[in-house]
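Derivation of every value follows stated rules applied to the coordinates shown; laboratory data play no part. Only a predicted model underlies this, so the values are computations on that prediction, with no experimental measurement involved. No Cβ is skipped: glycine too gets one built from the backbone with ideal geometry, and neighbour counts run over all protein chains shown.
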Amino acid sequence: MNAAPALVVFDFDGTLVHGDSMTGFAIEYVRRRPARLLLMLPFLPIALGLMLVPPTRSFGVTLFWWLLTCGTRSRVFAEALREYCRTTLAARGHTATLAAFAEHLARGDAVVVATAAPALVVHELLRERGLSGARVVGTRLSRCWGGFVAAPHCIGATKVSELERRHGLTRWAEVYSDSDLDLPLMLRASAVTLVAPSRWARARIGARLGPKVPVRVIA
C-alpha cells in the first residue's frame, strides 16, 4: 500500500540553490548599471546596517529593494529577474536537494517553497529545472513611491503566518532548510532535513527541537 501524501516545505536560498539568490541578483543588476550603484552608495550603509539586526532586518530589506528599483518600470525589472534566473541562478541549483524535491513531487506529496525571495524567482528556477506542481510562498514586492518594497518580507515567523494566511497550512511533515532562521517552520514539522548547515545553526536547531523531532543532514 502506498504511503499517504505528505506536506513538505522547502526553503529556497541555501537549500534549493547555493547561496542567496537576491544578493547575487543585486550584485549582477548594479554591475550592469553603474549609475544606479552611484545613486545607492550614500544610503547603502544604512540599509545594510538595518539588515544585520533581526528587529530591523525586514525594514532594511525594504529600503534596499527601494533603492535598487526606484524609477524602474515593473516590466523591465521583472524581465531582469527572469533573465538572472534563466542564466546565473539556474547553474546554482543544489543537486541533492533538487533531487529530493523532485522525488517528493513524483511521490505525490504536497510541496511548498517558503522563501524570502520573490515567488517569480522560484517559479523561474523550477521551470528551468523542469519541476512543476509546487506552490510558492515568497516575499511580495509592491510599488511604493516609484520603487518596489517588500510587503511582507517572507522570513522567519512570517513564513509560518503566510503559509496559514495564503493556503490554510499550519503543520507539515518535513522541512528542508539550511538556516536556524527557519526554526518557526521546523517547530511545526514532524521531521527536519538540514542542508549543509553551519555548526552554529545545527547546534541551535538541535537545542530548540530536542529529541522528539528527527533531524538529518545532507551536504
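Points 7 angstrom from Cα along the Cβ direction at R31 and T56: gap in nanometres?
Modelled inter-label distance: 3.0 nm.
Give the distance, in whole Å, between the Cα centre of the range 37-80 and the Cα centre of the range 108-173.
Here the answer is 19 Å between Cα centres.
Go through the range 157-172 residue by residue and turn each phi into a ³J(HN,Hα) via Karplus (6.51, -1.76, 1.60, θ = phi - 60°); whole Hz please, and just put x for glycine and proline.
5, 5, 4, 5, 5, 6, 4, 6, 5, 7, 10, x, 9, 10, 9, 8
What is the magnitude of the charge dipole of the range 7-218 about its Cα centre, with +1 placed on the Cβ of each Lys and Arg, -1 on the Cβ of each Asp and Glu, and no other charges, expressed in debye to the nearest 20?
Magnitude of the dipole: close to 260 debye.
Calculate, for E79 and S132, the FRET efficiency according to 1/(1 + (r/R0)^6) with r their C-beta to C-beta distance and R0 25 Å; round to the nearest 0.05.
E between E79 and S132, to the nearest 0.05, is 0.70.
Based on the Cα coordinates of the range 7-218, what is the per residue volume of their convex hull in Å³?
Given the Cα convex hull of the range 7-218, per-residue volume reads 120 Å³.
Evaluate the distance, in nm, between pseudo-label points positioned 7 Å from the Cα of R165 and of A99 along their respective Cα→Cβ axes.
Taking the simple label geometry, R165 and A99 are separated by 3.8 nm.
For labels at L187 and L120 in the simple 7 Å Cα→Cβ model, what's the distance in nm?
Calculated label separation equals 3.4 nm.
So what is the orientation-averaged projected area of the range 30-139, using the convex hull of its C-alpha atoms, in nm²?
For the range 30-139, averaging the hull's shadow over all directions gives 8.2 nm².
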